[in-house]
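To keep things clear, I will list the structure first and then write my remarks on it.
The values are calculated or read from the model by the stated rules, or taken from the named source; none is laboratory data. Everything numeric here is computed off the predicted structure, so don't read it as measured data. With ideal geometry, Cβ positions are generated from the backbone for all residues, glycine too; neighbour counts draw on all protein chains shown.
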Amino acid sequence: MSADLLIVEDIQTFYGHSQALFGVSLTVRSGEVTTLLGRNGMGKTTTVRSIMGLTKAAQGTIRFEGKDIRSLPAYRVAQLGMGLVPEGRQIFPNLTLEENLLAAAANRRGRAQPWTLERVYELFPRLAERRRNMGANLSGGEQQMLAVGRALMTNPELLILDEATEGLAPLIREEIWSCLTHIKGMGQSILLIDKNLDALLAIGDRHTILEKGRVVWQGSSAQLAADAQTQEQYLSI
C-alpha cells in the first residue's frame with residue numbers, strides 16, 4: 001500500500017468573516033492521483049490555497065510527509081516539495097518561455113534524474129519550439145504547458161493542478177492528459193482539479209467531491225463511475 005504523502009484533516013478556512021471550508025479532509029498517497037471535484041464555487045480552489053499556505057486554514061491539520069505545515073508561509077510549503085499549477089496559469093508575461101522555466105528550477109532533494117529544460121521540452125515538444133517567445137505571446141494552451149513544466153522544474157514530491165485543462169482546445173486537452181498520465185506512470189503524486197469527469201476517472205485513483213465547502217463523497221474511480229446518482233447530484237451542470 002502506498003504511503004500517505006499529504007493528509008488534510010478537518011480544515012476550516014475563512015475569507016474575512018465568511019467561512020469557505022467546513023471541515024474538509026482528504027489524503028494523497030505517494031504515487032497516486034487524487035482529484036477534487038465539485039461545481040464552481042464549492043471550495044476546490046480554496047482547499048488548494050489552504051494546502052499551499054496561500055489562504056491560511058484557521059483550524060484543522062495539514063501534514064506533508066508527516067510534517068505539520070498549516071502554519072507555514074507559502075514559500076516554505078513550496079520548498080518542502082509542492083509544485084502548483086494555479087488556475088489562470090500566472091506565468092511571467094515579460095519573461096521568455098525558457099526564462100519562466102528557469103526561474104522556478106530547483107532540485108532540493110538532489111534527485112539523480114531531476115526535471116530539466118531538456119526533459120520538459122521532451123514532454124512538451126511545442127515548448128521547445130517556442131522557447132525564445134515571451135510569455136505574453138504564447139497561446140493559452142502553450143501557457144498551460146509552460147505552467148505544468150514550470151511546476152515540474154521545482155522537482156516536486158506533489159504536483160497540484162487547479163483546473164488542469166480549463167478553456168483549452170480539445171487537442172491541447174488531450175496532450176495535457178497524455179502528459180499527466182505519463183508522469184503518473186513515472187511515480188509522480190498528483191492532486192488534480194478539473195471538470196472533465198471521464199478523464200479524471202481514467203487517471204485518478206481516488207476522488208473527493210465538495211459541495212458548499214464540505215466533503216460530500218469520497219471513493220475510488222470504480223465507485224464513482226458506478227454511482228450515477230452522486231454524479232447527477234453533485235457534478236452535473
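Brief remarks follow.
- Just one residue in the set THR96, THR61 is modelled with pLDDT of 95 or more, in contact with an Asp or Glu (Cβ under 7 Å, 6 or more places away or on another chain) and over 27 Å from THR230 (Cα atoms); that residue is THR61.
- Selection from segment 212-237 of residues that are of a type in the set (D, E, K, R) and farther than 16 Å from MET42 by Cα: ASP227
- Residues of segment 34-56 satisfying the condition of being touching a Leu at 6+ places or on another chain (Cβ under 8 Å), within 19 Å of LEU72 (Cα to Cα) and assigned to a helix (DSSP H, G or I): THR46, THR47, VAL48, SER50, ILE51, MET52
- Residues that are hydroxyl-bearing (Ser, Thr, Tyr) and under 17 Å from LEU54 (Cβ atoms), drawn from segment 19-37: none
- As a summary of the residue check, PRO73 satisfies the conditions (1) surrounded by 14 or more Cβ atoms within 10 Å (Cβ to Cβ); (2) within 19 Å of the chain's Cα centre (by Cα); (3) not hydrophobic (A, V, I, L, M, F, W, C) except for the one numbered (1).
Conditions (1) under 28 Å from ILE69 (Cβ atoms); (2) more than 16 Å from the chain's Cα centre (by Cα); (3) acidic (Asp, Glu), marked per residue:
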residue	(1), (2), (3)
ARG111	yes, yes, no
PHE124	no, yes, no
ARG131	no, yes, no
MET134	no, yes, no
ASN137	no, yes, no
GLY149	yes, no, no
LYS184	yes, no, no
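- Residue check, THR47 crowded, with 18+ Cβ neighbours inside 10 Å, polar (S, T, N, Q) and either touching a residue at least 60 places away in the same chain (Cβ under 8 Å) or under 20 Å from GLY149 (Cα atoms) (or both): yes
- Only one entry of GLY23, GLY31 meets the criterion of being modelled with pLDDT of 95 or more and part of a loop (DSSP other than H, G, I, E, B), and that entry is GLY31.
- Among the helices (runs of 4 or more DSSP H) confined to segment 163-237, the ones with at least 3 residues that are surrounded by fewer than 13 Cβ atoms within 10 Å (Cβ to Cβ) are located at 170-185, 228-234.
- Selection from segment 122-138 of residues that are surrounded by 14 or more Cβ atoms within 10 Å (Cβ to Cβ) and within 19 Å of TRP177 (Cβ to Cβ): LEU123, PHE124, ARG126, LEU127
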